[in-house]
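Okay, so here's the structure we're looking at.
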Amino acid sequence: MTIPVTTAPAASRATARTPRPSRGAARGRTIAQRVGYPVASLVVGILAWQGLASYFGPALVSSPATTWSAAVELTRDGTLIESCLVSLRRIGLGWAAGILVGAPLGILMGRVKLVRTLLDPYIEFFRFIPPIAFVTVAIAWFGIGETSKIVLIFYTSVFIVTINTIAGVLGIEESKLRAAASLGASRRQTFVSVVLPATVPTIVTGARLALGNSFLTIVSAEIVAAQSGLGSLIWTSRNFGRIDWIFVGIIALGVLGFLCDRAIRFVASTALRHYGVRV
Amino acid sequence: MTIQSEVPMTATTAVPPARPAPALHLDGVGITFGDFTAVEGVDLDVRNGEFVCLLGPSGCGKSTLLSVMAGFVPPSDGVIEMEGHAIKGPCPELGVVFQSSDALFDWLTVSDNIAFGPRMRGVDKARRAEIVEEHLRLVGLAQHADKRPPQLSGGMRQRVQIARVLANEPEIVLMDEPFGALDAQTRTVMQVELDRIWRQRQSTVVFVTHDIDEAIVLADRVVVMTAGPSAGIKSTYQVDLPRPRDVDSPAFVELRHAIREDITAEVAKSLGLPTAGTTGTPEQEVRA
Ligand SMILES: Nc1ncnc2c1ncn2[C@@H]1O[C@H](COP(=O)(O)OP(=O)(O)OP(=O)(O)O)[C@@H](O)[C@H]1O
Ligand SMILES: [Mg+2]
């Protein structure tokens, strides 16, 4: 088969199948690569951080040790866990809604030229307006409660999922669709049995990008109007002059984002592996 | 073998069908893209159970003609019928083997690819399993039933395509250079297999190729097209050699030579070169 240029997944599956030289050698290299390197990198990073902290002093940079004790303190009184859970919940709901709307919308736009022509200008318009521009109106429209934050996360997720899904639908090889039709599939059957599975990889890509956007957005949303969440924690810490707490909040965001992405990658590489999802 | 000119064939099309309708009937088929006429005035009848190879210079319109036969594109001009009924769109009676195995469903196993057509048509699960098993054996992929297309070699993938189409029991199988992407050895093996499968099934086949030997090995009739634009049928060769065919037999060599001269002239024309060597029409030239 000529490797289809439009579908990166095929190429990635090909690499995934590359045989390893031997079990022992593979294990040795795997441990070095998967544990050793990241740990070494982390150690270097912390040392550099410590260096910066010593250089700039505790008023500007909280040292690793101070940050650690701040983290312990915030964990003990429950603030850290609660902030994480609250932010995660908002991200989870908004992001999931973004996928649930964006993926079908993208498929519809990819399949029906008329819908694409009608909606494309809106997608192209809104996707350039960052959610932070809408924070104030969102609060005015949806109140200071959870809804406004979830809506903002939804907003930041939906376009990127839609655009990726459209690209996926348009990238389906004509021959696959023709094959389905000539094998007797109706339009609906082609949709369910060919278009949907063929689009899974780009939906996942869109979802991953959307998750990144969600983390960027949650802070702006929570900074402006929230009594809880990591954004709020960071903002409140500023008012208390606790730079170490700010550091804890920032690191918690990064760690959460990392873990969420790992979770998506895990699902993609297990449950969705056969759809050619590249992670 | 005999060489027929296209002209007498067109004359018969006006006669009302007294015999059973041909598997495929093309009458004055023309295909235009905007103001570009790719194919013009193609008359062709394919008998039930016949294996027809379409040969012609690159870009003359073989794929275009085949996609019209498959119902993917309506002809801009003329009539195209399957067993006496106009072809309105793709349908399971018209199976298509594509040049590229991109047409396979990469997320399905070999078995599920083969079962796709029957599943779409509502064949029950038990019967599907039988069909799959039979066709896996037919193309020699029983051991690879649970692999997915990206895990197969090029030749195996094309065998999956063939099995997938045959599992749907089409009246007519249309193949567009199905072995075009394969190396010479694999190609030869695949030709032998296809010849065997076809003799077993006796289905009607229209097979596009630009490989003269491939055409003579497989076909009951080789149809040579003229160079485009406005490509049509140049000549038709009846191949009456016993199967499986020996590419080194004198009759094979002679036919190969005749067809090659015929095509070389068209290729030269399509590339805008002077038609050196071949003058006159092949119908007059070749007499085997
Ligand atoms: N969608 C299209 N729009 C415009 N022109 C087209 C289109 N499809 C095919 N053509 C033209 O029609 C002619 C025939 O193309 P086609 O693909 O049928 O050739 P072919 O005989 O199959 O060639 P090859 O042996 O190289 O596959 C070419 O000149 C091509 O440029
Ligand atoms: Mg072609």
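The values are calculated or read from the model by the stated rules, or taken from the named source; none is laboratory data. Model, not experiment: these values are computed from the prediction. Virtual Cβ from ideal backbone geometry, glycine too; neighbours counted across all protein chains shown. Only protein heavy atoms, including side chains, enter the accessible area calculation; ligands, DNA and RNA are left aside. Shrake-Rupley method; radii C 1.70, N 1.55, O 1.52, S 1.80 Å.
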### Query
Near the amide H of B:E50, under 5 Å away, which other amide H atoms are found, from residues 5 or more places off or on another chain, if H is placed in the peptide plane?
B:V205
### For a label point 7 Å along the Cα-to-beta-carbon line of A:F240, residues of region A:60-98 with backbone N under 16 Å
A:62, A:66-84
### Query
What residues qualify as long-range amide H neighbours of B:G228, i.e. H under 5 Å apart, gap of 5 or more or another chain, H built at 1.01 Å from N?
B:C60
### Summary
Once all protein chains are kept in place, B:M156 shows an accessible area at probe 1.4 Å, nearest 10 Å², of 30 Å²
### Task
Just give the residues from region A:164-190 buried by at least 30 square angstrom of accessible area in the all-chains context relative to the isolated chain, probe 1.4 Å, and say none if nothing qualifies.
A:S175, A:K176, A:R178, A:A179, A:A181, A:S182, A:L183, A:G184, A:Q189
### Query
Leaving out ligands, DNA and RNA but keeping every protein chain, what accessible area does B:H85 have, in Å² rounded to the nearest 10, with a 1.4 Å probe?
130 Å²
### Query
Between A:I81 and A:A271, how many nm apart are label points set 7 Å from Cα along the C-beta direction?
2.6 nm
#### Entry: Order of exposure, largest accessible area first, which applies to A:K113, B:K147 with probe 1.4 Å
A:K113, B:K147
### Query
Given +1 on the Cβ of Lys and Arg, -1 on the Cβ of Asp and Glu, and no further charges, what dipole in debye does region A:64-275 carry about its Cα centre, rounded to the nearest 20?
700 debye
### Task
Note the direction-averaged projected area, equal to a quarter of the hull surface, for the Cα convex hull of region A:64-275, in nm².
13.7 nm²
### Task
Note the full-extension length gain between A:I250 and A:A40 as 0.36 nm times their separation in residues minus their Cα-Cα distance, in nm to one decimal.
73.4 nm
## Note on the structure
Quick calc, A:S54 & A:S186: beta-carbon distance into FRET formula, R0 56 Å, rounding 0.05, result 0.20
## Note on the structure
Summing -39500 (n - 2.57) over every DSSP H run of at least 4 residues in chain A and dividing by its residue count gives a helix-only mean residue ellipticity at 222 nm, to the nearest 500 deg cm²/dmol, of -25500 deg cm²/dmol
### Task
Taking the Cα centre of chain B as origin, sum charge times position over the Cβ atoms of Lys and Arg (+1) and Asp and Glu (-1), and report the length of that vector in debye to the nearest 20.
780 debye
## Note on the structure
For region A:252-267, in residue order, the Karplus 3J(HN,Hα) values (coefficients 6.51, -1.76, 1.60; θ = phi - 60°; whole Hz; Gly and Pro = x) are 4, 4, x, 5, 4, x, 4, 5, 4, 5, 4, 4, 4, 5, 5, 4
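Using the beta-carbon distance between B:A142 and B:S76 and R0 = 41 Å, what value does 1/(1 + (r/R0)^6) give for FRET efficiency, to the nearest 0.05? Can you show the working numbers first?
Working: r = 44 Å, r/R0 = 1.08.
The computed FRET efficiency comes out at 0.40.
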### Query
Roughly how much of B:E40 is accessible, in Å² to the nearest 10, using a 1.4 Å probe?
100 Å²
### Summary
Note on region B:105-169: contact order normalised by length, alpha-carbon pairs under 8 Å, 6 or more apart, percent, works out to 51 percent
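Find the sum over both chains of the accessible area lost when A and B are paired, probe 1.4 Å, and report it in Å² to the nearest 100. Walk me through the intermediate numbers first.
Values: alone 16490 and 13520 Å², together 27660 Å².
Heavy-atom accessible area buried at this interface is about 2400 Å².
Got a sec? What order do B:L104, A:L60 fall in by accessible area at 1.4 Å, biggest, i.e. largest, first?
Reading off the accessible areas and sorting them downward yields A:L60, B:L104.
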### Task
Below 26 Å Cα-Cα, how many Lys pairs turn up in the protein assembly as shown? Only count pairs eight or more apart in sequence, or on different chains, if you could.
11
### Query
How large is ³J(HN,Hα) for each residue in region A:188-196, as worked out from phi by the Karplus curve 6.51 cos²θ - 1.76 cosθ + 1.60 (θ = phi - 60°), to whole Hz, x for Gly and Pro?
5, 5, 4, 4, 6, 8, 10, 4, 4
### Summary
Sorted by chain and then number, the residues having a modelled amide H within less than 5 Å of the amide H of B:M175, at least 5 places away or on another chain, are B:V97, B:V206, B:F207, B:V208
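For A:L256, B:L218, write out the residues from largest to smallest accessible area, computed with a 1.4 angstrom probe and no ligands counted. If you can, show how the numbers build up before the last one.
Details: A:L256 25, B:L218 0 Å².
My answer, sorted largest first, is A:L256, B:L218.
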### Query
With labels modelled as points extended 7 Å from the Cα through the Cβ direction, what inter-label distance (nm, one decimal) is found for B:Q151 paired with A:S69?
5.6 nm
### Percentage relative contact order, chain A, counting C-alpha pairs under 8 Å, at least six apart
24 percent
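Using just the alpha carbons, could you tell me how many Å³ per residue the convex hull of the protein assembly as shown encloses?
Spelled out: Cα convex hull of the protein assembly as shown, divided by residues, is 223 Å³.
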### From phi via Karplus (6.51, -1.76, 1.60), per-residue ³J(HN,Hα) for region A:221-235 in Hz, x at Gly/Pro
5, 7, 5, 6, 8, 7, 9, 9, x, 5, x, 5, 4, 4, 5
#### Entry: Virtual spin-label span in nm between A:F258 and A:V112, 7 Å along Cα→Cβ
4.5 nm
### Task
Evaluate E = 1/(1 + (r/R0)^6) for B:S249 and B:A129, where r is the Cβ-Cβ distance and R0 equals 56 Å; express this FRET efficiency to the nearest 0.05.
0.85
### Query
Looking at A:T162, A:L253, B:G28, which one has the Cα that reaches farthest to the positive end of the dipole of the protein assembly as shown (charges on Cβ: Lys, Arg +1; Asp, Glu -1)?
A:L253
